[in-house]
Amino acid sequence: MNQLLEKVNKNLSNLIIKKGNELIDLFYNLGYQYENEDITFKTSGWTETQKSLVNTITLLASHIGFNVFWVRMNNNRLNRTEERTIINKLTNEFPYNMVIFSNLIDSEWDFINVKLAINKESEDNKETQKRQRLSDFVLPLKELPGSRFPKNQSPN
């Protein structure tokens, strides 16, 4: 277990420098199936405003119905509101997922695990976001607009 933890720490530490290669190694080390499928075409039903937020969307890895997406945003800064918009769109089609956001130059990263808090749709929770529970961490560790973690504080 210590060896796996060391590998994961190394992958996360090198993420800003080596970008996609470290993401691939990270999820491979965690036992996920490597996919690397560009699914940007899935935005065809999105509004122009929603499409304009995204540079690329890649289905990076999967494991037993759980998908890991890498979304490179079209901005130099990550924005929590824009991330939420993309999560809501992706979760409509892929309810069990992790979305990894990076800014346009891959210097900021936000890992968001999306869990369904309630599996069944009802009158009270017709909207997907009412059924979601999100947990996240940001690399480098700093404060993002809307983040619940202060600067340089670990999300533990």
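If residue 98 meets every condition in (1) out of contact with any helix residue (DSSP H, G or I) (no Cβ under 8 Å at 6 or more places or on another chain); (2) surrounded by 20 or more Cβ atoms within 10 Å (Cβ to Cβ); (3) touching a residue at least 60 places away in the same chain (Cβ under 8 Å) apart from one, which number is that one?
The single condition residue 98 does not satisfy is (3).
State all residues of region 59-89 that are among the aromatic types (Phe, Trp, Tyr), buried (at least 19 other Cβ atoms within 10 Å of the Cβ) and either without any contact (Cβ under 8 Å) to a residue 40 or more places away in the chain or not in a strand (DSSP E or B) (or both); if no residue qualifies, say none.
Taking region 59-89 and keeping what is among the aromatic types (Phe, Trp, Tyr), we get 66, 69-70.
After this cut, where a residue has to be buried (at least 19 other Cβ atoms within 10 Å of the Cβ) as well, the list is 69-70.
Residue satisfying the conditions is 69 alone.
Among the residues of region 30-46, which ones are in a loop (DSSP other than H, G, I, E, B) and either modelled with pLDDT of 95 or more or aromatic (Phe, Trp, Tyr) (or both)? Don't jump to the end; show me each part of the working.
Let us first name the residues in region 30-46 that are in a loop (DSSP other than H, G, I, E, B), namely 30-32, 39, 46.
Within region 30-46, 32, 46 qualify.
Report, by residue number, each residue of region 90-129 that is touching a strand residue (DSSP E or B) at 6+ places or on another chain (Cβ under 8 Å), in a loop (DSSP other than H, G, I, E, B) and modelled with pLDDT under 80.
Across region 90-129, the qualifying residue is only 117.
The values are calculated or read from the model by the stated rules, or taken from the named source; none is laboratory data. Please read these numbers as outputs of a predicted model, since none were measured by experiment. Cβ atoms come from the backbone with ideal geometry, glycine included; neighbour counts cover every protein chain shown.
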